[in-house]
1. Out of the residues in region 173-210 that are closer than 18 Å to HIS4 by Cα and within 13 Å of the ligand (Cβ to nearest atom), which is surrounded by the most Cβ atoms within 10 Å (Cβ to Cβ)?
2. Are any residues in region 92-129 over 19 Å from ARG65 (Cα atoms) and in contact with a Lys or Arg (Cβ under 9 Å, 6 or more places away or on another chain), and if so, which ones?
3. Residue by residue through region 28-82, note down the ones that are of a type in the set (Phe, Trp, Tyr) and open to solvent by less than 100 Å² (accessible area, probe 1.4 Å).
4. Go through (1) within 16 Å of the ligand (Cβ to nearest atom); (2) free of Cβ contacts under 8 Å to residues at least 12 places away in the same chain one by one and return the number of the condition PHE160 breaks.
5. Give me the residue from region 216-230 that is within 13 Å of the ligand (Cβ to nearest atom) and among the hydrophobic types (A, V, I, L, M, F, W, C) and, out of that set, nearest to ARG186 (Cα to Cα).
6. For region 26-82, enumerate the residues that are within 50 Å of the chain's Cα centre (by Cα) and not in a helix (DSSP H, G or I).
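The values are calculated or read from the model by the stated rules, or taken from the named source; none is laboratory data. Quantities reported herein were computed from a predicted structural model and do not represent experimental measurements. Counting neighbours? That spans all protein chains shown, and the Cβs are built from the backbone with ideal geometry, glycine included. Note: areas computed on protein heavy atoms with side chains; ligands, DNA, RNA excluded. Shrake-Rupley method; radii C 1.70, N 1.55, O 1.52, S 1.80 Å.
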Amino acid sequence: MHHHMSLLRDLQALDHYIDRLRQEVAELDSGERIREKIERSRRRLEEVKARYQEIHATATDQELRLQDLGERIRRAEADLYSGRITNPRELQLLQHEIEQAKQSREAMEVEMLRIWERMETMKHDIDEAERDLQYAERVYQAHVEDYNQRKAALESEIAFHLGERAELAAQIDPDVLARYEQLRQRLGGTAVAVVEQKACSVCHTLLTPYILKRLQNEDALIACESCGRLLYDPMLAE
Ligand SMILES: [Zn+2]
C-alpha cells in the first residue's frame, strides 16, 4: 500500500499542477469587457447616425419648402410688376403677402443654417466615433489573438500532462485510485496528506500513536482522523 500511496502522492502533485494550469486558462482575459465596451460604443454611434438621418431628412424637407416659397415669391412679384393688377387694394394686399412670405423665408433660412451647423457637428462626431471604434476593434483583435495563443499553449501543456497522468494512474490499484478521486473532489483537490513530524501536513492535526502504528504495520489506506485525507509517510521504507 505504501507503494500505491507514493504513486498517489506523485499523482496528486501532477493533479495540482494541472489544476493550476486550468486555473490559468480560466483567469485568462478573453477580452469580453473590451467587446462589451465596443458594442456599447457601436450602439451609441448607431443612435447618433439615426438622429443624423432624421435631421438630414428634415433639412431636405426644409430645402424643398424653401424652394417652393422662393418660387411663390417670384411668381407673386412677377404678378405685382406685370401691370395686370390695377386695383390699389389688390396690389396692396399682394405686396403685403410678398412681404410676409419674404419674412418667413428669412426665418426658414436662419433655421436652415442652424440645422446645417448641427449636421456639420454631428458629422464630425460620427467620423471621430467611427475612427475610435476602428481603433478599439483593432486593439480587441490583437487581444483576442494573444488570448487564443496563450490559451492554446496552456491547453496543449494540459493535454501533455494529462497523458502523463494517465500513465501514472494506470499503475495505481483501481480501488485506491477511485478512493483518491472521490476524496479529491470532496476535499478541494487535495486527497493525500503527508506525515510531517507526526502531524497531518494539510490540517496540521497531530496524529495519534494508533494511526502512526497502523501506517507502519497495516497494508491499508489510512486516513487522517481529523480531515479524512489519505496519509503518506515518506519515512517508511518502500
Ligand atoms: Zn488531516
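1. Across region 173-210, the extreme among qualifying residues is ALA193.
2. MET122, ILE126, ALA129
3. Of all residues in region 28-82, those of a type in the set (Phe, Trp, Tyr) come to 52, 81.
Listed by number, the list holds a single entry, TYR52.
4. It fails just one condition, (1).
5. Within region 216-230, the first condition is being within 13 Å of the ligand (Cβ to nearest atom), and the residues that meet it are 222-230.
Filter once more, so that each one left must be among the hydrophobic types (A, V, I, L, M, F, W, C): 222-224, 227, 230.
Details: ILE222: 17, ALA223: 14, CYS224: 15, CYS227: 11, LEU230: 13 Å.
Of everything passing the filter in region 216-230, CYS227 is nearest to ARG186 (Cα to Cα).
6. Residues of region 26-82 within 50 Å of the chain's Cα centre (by Cα): 26-66.
Across region 26-82, the qualifying residues are LEU28, ASP29, SER30, GLY31.
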